[in-house]
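Down below is the structure, laid out as C-alpha cells.
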C-alpha cells in the first residue's frame, strides 16, 4: 500500500491531536501559512475551525458574531471530534453487507463486527433498501426519523432534508412534535384552543 507524505502528515497530526487534545484559541491568535481558518456554525454556536496540514487542531471563537461564546459548548466540539467513540466512516454490519437482499441474519445484530465501506456503497445500500421497502410494502412502511435535537431551523435540520427526499418518492410515516413538548403539542389545542405549546397561557 502506498503512503504519501501528505497522508503521513495527516495521520501523525491526527494521532498527536487525539492524544494531546485540541485547543481553544484566543480571538487574536496569529497562525502560520500552514494553517487554514474555516468559518463554521454548529449547534454550539459560530467559530473558526483551525486546520493544520488537513487536521483540525482547535477552534477559535467568532466574537463579532457571538460576543459571549460559551466555552463549555466550544469544548464540546473539541472533545467529540476525535473521540474514540465517534464513527468516522460509513460502516455496515458484516452479515448485512454479505447478503443485503437475502438472509441478513438479524439475530447477529449487536454481536458481530461492522465493516467499513465507501460512501458510494453506503448510499447504494440505503437507496436499494428504501426502494425495495416501498415496492414490497408501500410508502407507509418507510419511517422517516432523523431527530437532531435543538438543531438549526430550515434545511440544516436532518429531518427536513430526509423528509423532503422521501416526500419526493411518494411519502413516508413520520413523528410529530418533539421530546420537550411531548404530547402537549397534540393535546393542548383540544384543551385550551392554542396550537403553540410554548406560547404564554393564562391560568
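Summary of values
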read-out	value
Selection from the range 93-106 of residues that are surrounded by fewer than 11 Cβ atoms within 10 Å (Cβ to Cβ) and in contact with a helix residue (DSSP H, G or I) (Cβ under 9 Å, 6 or more places away or on another chain)	101, 103, 106
Single residue of 126, 87 found to be under 17 Å from the mean Cα position of the chain (by Cα) and either in contact (Cβ under 8 Å) with a residue 12 or more places away in the chain or not in a loop (DSSP other than H, G, I, E, B) (or both)	126
Candidates 84, 90, 113 - the one that is surrounded by fewer than 12 Cβ atoms within 10 Å (Cβ to Cβ), in contact with a helix residue (DSSP H, G or I) (Cβ under 9 Å, 6 or more places away or on another chain) and at pLDDT 95 or above	113
Considering residues of the range 173-203 that are under 23 Å from the mean Cα position of the chain (by Cα) and at negative phi only, the residue modelled with the highest pLDDT	173
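The values are calculated or read from the model by the stated rules, or taken from the named source; none is laboratory data. Keep in mind that this is a model prediction, so the values were computed, not measured. Glycine gets a Cβ as well: all are built from the backbone with ideal geometry, and neighbour counts include every protein chain shown.
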